[in-house]
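I have placed the structure first, in the form of structure tokens, so that the comments after it can refer back to it.
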Amino acid sequence: MRITVFGATGNVGRRVVAEAVSRGHEVTGVARNPVRLAGLPGEARVRVGDATDVDDVVALTTGQDLVITATCPAPGDESQLVTVATTLLTACAKTGVRLLLVGGAGSLTVEGGGRLMDRPGYPSFLLPIAAACVGQLAACRANTVVDWAYLSPPDLLVPGERTGLYRVGGDELVVDADGESRISIEDLAVALLDEAEQPRHHRTRFTVAY
Ligand SMILES: NC(=O)c1ccc[n+]([C@@H]2O[C@H](COP(=O)([O-])OP(=O)(O)OC[C@H]3O[C@@H](n4cnc5c(N)ncnc54)[C@H](OP(=O)(O)O)[C@@H]3O)[C@@H](O)[C@H]2O)c1
């Protein structure tokens with residue numbers, strides 16, 4: 001597949017690029033800083049681009065089979081995540097390309113009701129990005145044109161091992177026997193590429209965890 005990855009130099013994005021390249025896909029990695037793009041695997045094409053610029057996104061996605069986005073705004077600029085989502089949706093409506101978004105865990109529901117981000121003890125420093133992710137998901141849900149899917153990571157998303165194993169859920173946080181909700185970023189990338197190759201989610205949110 002021909003896949004464009006926005007946010008390709010980030011914690012999530014570069015593992016998505018690595019997973020896609022390892023499966024033989026033609027990957028175009030996009031970010032704004034060219035220096036960090038130079039660190040991506042040699043098999044990936046790299047392009048400087050801004051996911052808030054519709055013209056950039058149309059140019060970088062025309063003729064592609066799939067767009068994956070894993071951008072993250074700087075602290076204080078969290079609402080950019082919503083702008084990126086609406087820009088990508090607008091561009092993908094023009095190009096007809098499927099869109100997979102990496103979102104946030106905060107809006108997942110938890111056993112007993114309510115959202116993870118509303119649970120007592122949820123770290124206050126995460127609330128701005130969690131709120132932006134709520135807006136990002138709402139922008140997707142308002143779009144009935146693009147073939148999009150929104151992947152909410154589990155509560156804990158950290159660099160680790162690639163096991164290839166994960167469980168899939170919907171709007172509710174997936175937890176293990178110890179009540180923990182986690183996955184390595186490597187396995188989140190596996191789940192994204194599995195969804196890319198065999199689409200099972202259309203205009204809906206899903207989550208993955210061990
Ligand atoms: N448990 C959770 O819910 C959880 C945990 C971790 C991450 N996440 C989500 O996963 C996503 C990715 O996080 P991350 O940790 O991988 O972020 P990160 O390491 O900060 O990387 C962000 C990437 O986005 C790029 N970027 C930012 N703005 C851009 C723009 N306008 N156009 C193009 N590229 C842009 C950055 O490169 P340039 O600055 O060079 O453009 C960089 O490649 C975020 O949405 C985050 O909320 C969720």
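Say whether the condition of being modelled with pLDDT of 95 or more and touching a Lys or Arg at 6+ places or on another chain (Cβ under 9 Å) is met by at least one residue in the range 83-95. Yes, the range 83-95 has at least one match. Taking A38, is it among the hydrophobic types (A, V, I, L, M, F, W, C), at pLDDT below 95 and touching a strand residue (DSSP E or B) at 6+ places or on another chain (Cβ under 9 Å)? Taking the combined requirement at face value, the residue satisfies it. Here D50, D56 are screened, and the one residue that is part of a loop (DSSP other than H, G, I, E, B) and either without any contact (Cβ under 8 Å) to a residue 40 or more places away in the chain or over 18 Å from the mean Cα position of the chain (by Cα) (or both) is D50. Could you look through the range 1-19, keep only residues that are among the β-branched types (V, I, T) and in a helix (DSSP H, G or I), and pick out the one that is farthest from Q64 (Cα to Cα)? Among those that are among the β-branched types (V, I, T) and in a helix (DSSP H, G or I), it is V12.
Yes/no matrix, rows are residues, columns are (1) surrounded by 13 or more Cβ atoms within 10 Å (Cβ to Cβ); (2) within 12 Å of the ligand (Cβ to nearest atom); (3) closer than 23 Å to C92 by Cβ; (4) not small (G, A, S):
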site: Y150; (1), (2), (3), (4): yes, yes, yes, yes
site: L156; (1), (2), (3), (4): yes, yes, no, yes
site: R162; (1), (2), (3), (4): yes, no, no, yes
site: R167; (1), (2), (3), (4): yes, no, no, yes
site: S181; (1), (2), (3), (4): yes, yes, no, no
site: S184; (1), (2), (3), (4): yes, yes, no, no
site: A189; (1), (2), (3), (4): yes, yes, yes, no
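Candidates in the range 59-79 are the residues that are free of Cβ contacts under 8 Å to residues at least 60 places away in the same chain and surrounded by fewer than 17 Cβ atoms within 10 Å (Cβ to Cβ); of these, the one that is farthest from E26 (Cα to Cα) is G76.
V5: aliphatic (A, V, I, L, M), over 14 Å from V102 (Cβ atoms) and within 10 Å of the ligand (Cβ to nearest atom), yes or no? The answer is no for V5.
The values are calculated or read from the model by the stated rules, or taken from the named source; none is laboratory data. Please read these numbers as outputs of a predicted model, since none were measured by experiment. A quick note on method: Cβ atoms are made from the backbone with ideal geometry, for glycine too, and the neighbour counts reach across all protein chains shown.
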